[in-house]
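Each remark here refers to the structure printed beneath this line.
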Amino acid sequence: MSTRLLQRVSGFALLVCLALVLSACGKDETTATITAADLAGRIGNGTAPAIFDVRTPEEYEAGHIPGAINIPHDQLSDRIGEFSPYQDMEVVVYCRSGKRAGIAETALAAAGFRNVKDLEGHMQQWEADGYPTDQVSDSN
């Protein structure tokens, strides 16, 4: 094989490998999901998983899914140790529409969380379906 052809083949192989690695960095299209109806039912019957709201504290205070723990997606990697008690539990992650949840799900998976679910439709769907929300007030 000529040197030039070998360089082309090697360069192509490198590009393919890089593309595979980069595609693995995005949200996994096979991430398990849970519907708002299923989550609301489990909250209602006392079998709710851990629920992580990865929006800003201001969004969380304005209204969140009952029982949700607020951990902004951009703080999750730095604070992952605080959430180690949930590592072997089922965890549902949500944000307003899905982008931040995808980032958080990637961080959780990298930290060893193996049972992470994405809330279908996120907070927008939860509210559109009329499920209850809790708000943070001075008396909470």
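Values computed for the structure shown
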| read-out | value |
| --- | --- |
| Selection within the range 72-106 - surrounded by fewer than 22 Cβ atoms within 10 Å (Cβ to Cβ), of a type in the set (A, V, I, L, M, F, W, C) and in contact with a strand residue (DSSP E or B) (Cβ under 9 Å, 6 or more places away or on another chain) | 83, 89, 91 |
| In the range 32-83, the residues that are part of a helix (DSSP H, G or I) and within 16 Å of the chain's Cα centre (by Cα) | 36, 39, 60, 76, 77, 78, 79, 80, 83 |
| Test: residue in the range 22-31 that is modelled with pLDDT under 95, more than 14 Å from the chain's Cα centre (by Cα) and not hydrophobic (A, V, I, L, M, F, W, C) | yes |
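The values are calculated or read from the model by the stated rules, or taken from the named source; none is laboratory data. All figures in this text were calculated on a predicted structure; none of them were measured in a lab. Note: ideal-geometry Cβ built from the backbone for every residue, glycine included; neighbour counts use all protein chains shown.
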